[in-house]
Structures are given as structure tokens and as C-alpha cells.
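Each value in this text was obtained by applying a stated rule to the coordinates, not by laboratory testing. On a predicted model such as this, the values are computed, not experimentally measured, just so you know. No Cβ is skipped: glycine too gets one built from the backbone with ideal geometry, and neighbour counts run over all protein chains shown.
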There are 2 protein chains.
Amino acid sequence: MPVTLKDVAEKAGVSRSAVSRTFTEGASVSAKTRRKVEKAAAELGYSPNALASSLTTGRTKLIGLVSNNFHNPFFLQVFDLFTRLLQERGLRPLLVNLTDQTDPESTLQLLRQYSVDGVIVASSTLSPEFALAFQEARVPVVHSFGRIAASPRVNVVGIDNVECGRMAARTLIARGYKRIGFMGGPREATSTIDRRKGFNEVLSVTPGIEVTESFATAYSFDAGRAEMLNLLKQMPADAYFCGDDVLSIGALSAIADKGLNVPKDVGIIGLNDMDMARWENINLTTIRQPIRQIIDSSVELVVAMLDKPERPPEGRFFACEIIERGTLRPVKP
Amino acid sequence: MPVTLKDVAEKAGVSRSAVSRTFTEGASVSAKTRRKVEKAAAELGYSPNALASSLTTGRTKLIGLVSNNFHNPFFLQVFDLFTRLLQERGLRPLLVNLTDQTDPESTLQLLRQYSVDGVIVASSTLSPEFALAFQEARVPVVHSFGRIAASPRVNVVGIDNVECGRMAARTLIARGYKRIGFMGGPREATSTIDRRKGFNEVLSVTPGIEVTESFATAYSFDAGRAEMLNLLKQMPADAYFCGDDVLSIGALSAIADKGLNVPKDVGIIGLNDMDMARWENINLTTIRQPIRQIIDSSVELVVAMLDKPERPPEGRFFACEIIERGTLRPVKP
DNA sequence: GAAAATAATGCAACCGGTTGCAAAAAGCCG
DNA sequence: CGGCTTTTTGCAACCGGTTGCATTATTTTC
């Protein structure tokens, strides 16, 4: 039923090769032939089958977009940007929702069956090993929002979470908070581990600070709220560095429940600067992750891999900045 | 470089057909051959190329997932569910972000190039014509969150927005509100048109009610906030039915800014019951859209179309329910 | 205007699979 | 064990394209 190359060739009175060349960038076709072919193609409503051509060219222009963060509104922005940027380059995102299936094997196999040209792993919770499995299978891969490494074994684009931990600590110290809490995301997430490390690194060399720590079970509102409700049962700290923004918002709701005031009674600083953080009824002080740059760079990197698959892995990390809003008290004069 | 059917056939000492049959459900292969083939395949790490096989079978198991709602957090839930349900059935979502490109032609062509088996259009703002273009091109299509029609020309799954408008109106009347506002989404969105219709239908036959109406420029926080700030310049109504939840949250932030109390000074009812609506610091009274049922049903319908492409178009609509939370005053005793 | 260089074209093989068909192998029966 | 039925197997053609190569047409050059 769908119209093929052959149909167009017959209608235009030329060979199949001629039709194929008409639709191939930089192939040799005379103006006359091209005209005939284009006319026939338009009349028949022909458009070339990308999958058939991929058989010989070895390129599908499909990019696997793999994530396990379908509950964090921050990632809607991530998907929006990724899909737009990929589309702009003529690439097509094949979306994979990992749910709790974090073993790379089955995903690798799936994406191979579809001959994706490359893979983007968008996750701040997956271990570097996940992306590494693709790399080892010689599938071009970039881990976005992944863990920093001095000499990465796989392409990674993201932020320096250790440095973010330091920034958070310094910020809280500068505001004069003395009893400070780390309320991390899931214990095993690399982002949690790294942020905690940087955070403690600074606080441990600062005299007169009392540090506590706890972990939410997920990067989600409910987990943040539950954890903060728990913390509020005893005497809470003066201020918390929360695992991310959505966790922070959960914590804020718990604090409001208890009738405490933010930032007077408890201060909160988040991380991500998701769209919602600037909403006036949330107004969260947070550490901004330069999402646009991260995603731009990830796409650029995966495209570079397509052209040069043997390109050695690279790590690209972007600086974060503190976004001052209303959930921390002002710096002491 | 990747291992093919031929490699496996040679290693196993059988014909290519034998290998193909081993991996084809219900094909005739002896146990002995199957064993040999599976052993060879495992050793070589073979997995069949889904795209090559699609050439002859005519099935890619790719489903185009098309949306223009990448800014509404409600749709993260939508994408989560769609991808999970499709994956469970062995289907692969090819994601298309419409941005402002709402002309179906280029999307249709794109999805044809990739020979998608079917298409799901997930949008409450696109006109029915969008999905219709696929239908007319004989591409199995389902419009999710689309507009209700008595005898639809294309498969649609969603809610009855007119009835939702009525529900909202009745709810506000029951609470004793007299000065009532409709704060719609984009003027041209079918969902806006329909909700407004049902809303006015009820209010126009209720004596003693004063109705006003206005429209936000998008289903977004900022648009909701801007519109409400505008409304608050003059004397606002007692209660508003807002286009959707994210719009409602924007409106709530504007109201809080002005120092007014919800629900005492102004009442708000939204629509969707997105995850965020139940967050304790939002606590939005809203009309719940049965998202799970809608998406289940959409996937089921698109699968049914794959098996029977000539299936006549069907409309499936689900009932909504009022979710009482904190943004409307209680019913008068 | 003829020879040489360049461009355009079609043939045929190939990409990685599937499948109808006829031949071969295996199973069944008396 | 021979004849008959059923199952398994390989051959070869095909799905919808691309591409190297040899052939033919066109252009350039003197």
C-alpha cells in the first residue's frame, strides 16, 4: 500500500538508483532527472523509508533516550529540551522508561535491536556502570547528569556534585546557621554520595557547627515530606541542604504543617532550580544546575560520537550558581 | 561489526532460515536445531535486527508518541504511564515534541519514514484535525485527552469536558458562591471551549449568579498567575473555575501575593488532579481526570487498531470526580 | 570537430532479515 | 520393512532501499 522507490522510478521512467540519488544528499543526478523524479514523487506522495535505508547506510538517526526519573518534574524540562534539540538535528528519540529495571543488559539489547545510532542516559541516580555497558558494546553513549570523574571511562555531562555540596555548606555558614542538616536523596545515588562528601568536607573544618544527616528514600515530594516530618519530631536543625528541589518542596510542606516559619525557624536550600522553584508560592533558594548547557552539550557530544565512534570518553562539567530566593535568611551584615 | 543471522547460521551449521525460524514465534523448528542455534547465538551475542525484519513483516513495533505539552507537569505522569504501558506490550515509543509545529503534515511524514505501526497523540489542546490527518493516511491513531464527539471520525479517549464544566458550575453553586468566574486555558483549545460551554450552560439557568470570564494564554503557571493578577486589579469574583491545575496554582500564587485568603476571600477549583494538586502546600480542590484509565484505554485501542486497521473509529470517555481539598469553602449546611 | 575529461545513468549485488515452496527427514502404521 | 503422512529444512525470492562499477551521455579543451 505505501508507495516505494520502485513506484516512483516507474512513474518517472528512470531507474531506482536515480530515484535513490535524488533523495540522497550530494549524489550525482542531472537537473532534468531530478525534476522528473521530484514530480513523480510528489504526485505519488512518496517519502523514503528511513529504516530500509538504514540497512545499507548503517544509520537510523534513532537515539535511545533512557531515563528512570519519570516522577521528578525537573525531568519534564529535561525531556522537553532533549527532544527539541535532537529533533533540530534530524535525530529521533526512542524513549526508554527504566522504571526499576536498572540492569543495563536488557536495555542494551532492546536498543540494539532497533539499531540506535547512539544513546543518552539521563539520570542523576544511575551508577556510571549503566552507561558503561553501552560504551563497552561500542554503542555511542553519553551519560547526562552523571557522576564526575577525573578520567571518565564513558562520556559524562553534568555538574560537580561535590562542589555543589561545598557551595551549599558555605552558603549556610555565611548565613550564620550553626545547627545544619544534610537531607540527602537516596543513599545509594551517586549524586547523594558526592553532595554529602563536599558538604561535610567544608563543615568538618568549620568550628562551632553541629551537623546531622538523613536520607530520603527517593527524589520525590512525598519522600521529602516524610523525611522532614520525621526530623521535626525531635528538635530540627536551623537549616537543611536538601537533595533536590522536589525534596525541598516536600520538606517545606512538612515545616508549614508544624506551624514553623521558613526561613525564620528553619532554612532550606535545594538543588536543580527546576521551573517550579521560582513559583512565587514556593520561592525556593536553590543551587541552579545549568540544564540548558548540560543538554546542549550532551547532544553535541553524542553527535560527535556518531561521526567518530572511537573518540575517547570525555567528561564535561558545568558550574552551578546559588539562586537566592526566600527560604534562607539573609547574610548577616 | 554487529553479529548477523548469517554469522549465527554458519556457526551453528544450519541455514539462515533455520536461525530466523528459531527466533520467530510459532515457526517450525526441531528441538535439536533450536538448541544448536540458541547456543551459537548466545556465544556470539546475537540479537535480531528488528528493523530489518520489519521490512518483510511490515511491523516495527514503533509507536509515535506525539505531544505538545512539555511544560505541564501533568504530562510527565502521562509520559510515564504511556511509556510503561507500551513497553509492557513490547512496543517502543518514538517521541515527538510538537513545540509550536501544529501542522500535522511534517509529523505524519516523519512518522511514516520510520514506519511506525501506530500513533498516539497526547494533547488536550490540539484540534481533532491533527489526529484525523493520520487516520486519513491510514496510520492507526488514537487521540488521547482529545475532544468528545458523538460519532468521532478518529479514535478519541478522554473525558467529557462539557460535563466537567457543568460539574464545576454545580460545585460552585452548591458552596453558595454568587459571583463566579471562568478562567479558561487558551481560547482556541477545544478543552477550553467545551468546559466553558458546560459551565455557562448550568450557570445561565441559575438565578442570582453573576458570571465573568477570561482566558489564560497557555496551560502554565505563569499564564495563570498573570491572568489572576490582572483579575485582581478590579474586584475579583468569589470563586473561579480554572482551566487546569497548573493554571490554578499560578492563580493561587497571585492571590497569595495580594494578601487574600483562599478559600475565604477567593475560591479556586482546578481540573486534572495532577500529582502536585495533593501536595499539602497546594492542597487544590479539583476535578480528577482518570488518567490511568484514559491511558490504559488509549494503549488498548491503538493495539486493537494494529490487529484490525479497518476498525471503525471509536470514542471512549471516562467520568471525572470532584476531589475536595482546601481551595473551596465547605458546602453551606 | 575530435579527443579527453567529466558527469549521469543503470545494472546488479548487497544490507539483515522473512517466507512460500519443494525436497528431505522423521514419524506412524499395519 | 515399505508406504504414507507429517514435520523440518534449505533454496531462492523478496522487503525497500544504497552503492561500486562499467557504460553511456555530456561537456570541455585545443
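Summarising the label geometry, the points placed 7 Å from Cα in the beta-carbon direction at A:K264 and A:A31 lie 8.0 nm from one another. When the listed pairs A:K308/B:K36; B:K233/B:K264; A:K332/B:K264; A:K264/B:K258; A:K197/A:K332 are checked against a 29 Å cut-off, the alpha-carbon distance exceeds it for A:K308/B:K36; A:K332/B:K264.
Once the Kirkwood radius over Cα pairs is known for segment B:5-48, the Stokes-Einstein relation at 20 °C and 1.002 mPa s delivers a diffusion coefficient of 217 µm²/s. Taking a label point 7 Å from the Cα of B:T206 along the Cα→Cβ vector, which residues of segment B:219-257 have an amide N closer than 13 Å to it? Answer for segment B:219-257: B:238-241.
Which FRET efficiency, nearest 0.05, do B:K233 and B:F318 yield, Cβ-Cβ r, R0 41 Å? Calculated value: 0.60.
For the residues of B:114-120, the average number of beta carbons from a partner chain within 10 Å of their own beta carbon is 2. The order of the peptides A:69-75, A:28-34, B:236-242, B:315-321 by mean Cβ neighbours within 10 Å, most packed first, is B:236-242, A:69-75, B:315-321, A:28-34. Overall, the ratio between the Cα radius of gyration of the protein assembly as shown and 2.2 N^0.38 Å, rounded to two decimals, is 1.06. Taking 7 Å steps out from each Cα toward its Cβ at A:A150 and A:E300 produces label points 2.6 nm apart. Placing a label point 7 Å from the Cα of B:R170 along the Cα-to-Cβ direction, the residues of segment B:240-254 whose backbone N falls under 19 Å of that point are B:240-242. Modelled spin labels at A:E280 and B:R179, positioned 7 Å past Cα toward Cβ, are 2.0 nm from each other. The string of couplings for segment A:138-144 from the Karplus curve (6.51, -1.76, 1.60, θ = phi - 60°) is 6, 9, x, 9, 10, 9, 8 Hz, one whole number per residue in order, with x for Gly and Pro. The angle between the Cα long axis of helix B:31-44 and the longest principal axis of the Cα atoms of chain B comes to about 70 degrees, rounded to the nearest 10. From the mean inverse distance of alpha carbon pairs (Kirkwood) and the Cα radius of gyration, derive Rg over Rh for chain A. Taking Rh as the inverse mean 1/r over Cα pairs, Rg/Rh reads 1.14.
Would you please classify the overall shape of segment A:161-289 from the alpha carbon gyration tensor, given that a ≥ b ≥ c denote the square roots of the eigenvalues, rounded means a/c under 1.5, and beyond that prolate means a/b larger than b/c while oblate covers the rest? Rounded, because the longest to shortest axis ratio a/c is under 1.5. The angle between the Cα long axis of helix A:74-88 and the longest principal axis of the Cα atoms of chain A comes to about 20 degrees, rounded to the nearest 10. Averaged over the residues of peptide A:96-108, the number of Cβ atoms from other protein chains lying within 10 Å of each residue's Cβ is 2. Shown is the FRET efficiency for A:D257 and B:E43, computed with R0 = 56 Å from the Cβ-Cβ distance and rounded to the nearest 0.05: 0.40.
Note on the protein assembly as shown: antiparallel DSSP beta bridges, both residues inside, total approximately 10 percent of the bridges counted. Within the straight-line cut-off of under 21 Å between alpha carbons, the lysines reachable from A:K39 are A:K6, A:K11, sequence neighbours fewer than 8 places apart in one chain being disregarded. Local charge for A:D80 was computed over the other residues whose Cβ lies under 14 Å away, with Lys and Arg +1 and Asp and Glu -1, and equals -2.
Note on B:1-12: average number of Cβ atoms from other chains within 10 Å of each residue's Cβ is 1.
Alpha-carbon geometry of segment B:71-137: the Rg and the Dmax are 12.4, 32 Å, given in that order. Dipole magnitude for the protein assembly as shown: computed about the Cα centre from +1 point charges on Lys and Arg Cβ and -1 point charges on Asp and Glu Cβ, it is near 1020 debye. Ranking B:L132, B:A150, B:S214 by Cα position along the charge dipole of segment B:99-234, where only Lys, Arg, Asp and Glu carry charges on their C-beta atoms, puts B:S214 farthest toward the positive end. Rg of the Cα atoms in segment A:151-219, relative to 2.2 N^0.38 Å, amounts to 1.18.
The smallest convex shape that holds all Cα atoms of segment B:42-176, its convex hull, gives 154 Å³ per residue. The distance from the alpha carbon centre of segment B:18-74 to that of segment A:142-197 is 41 Å, rounded to a whole number.
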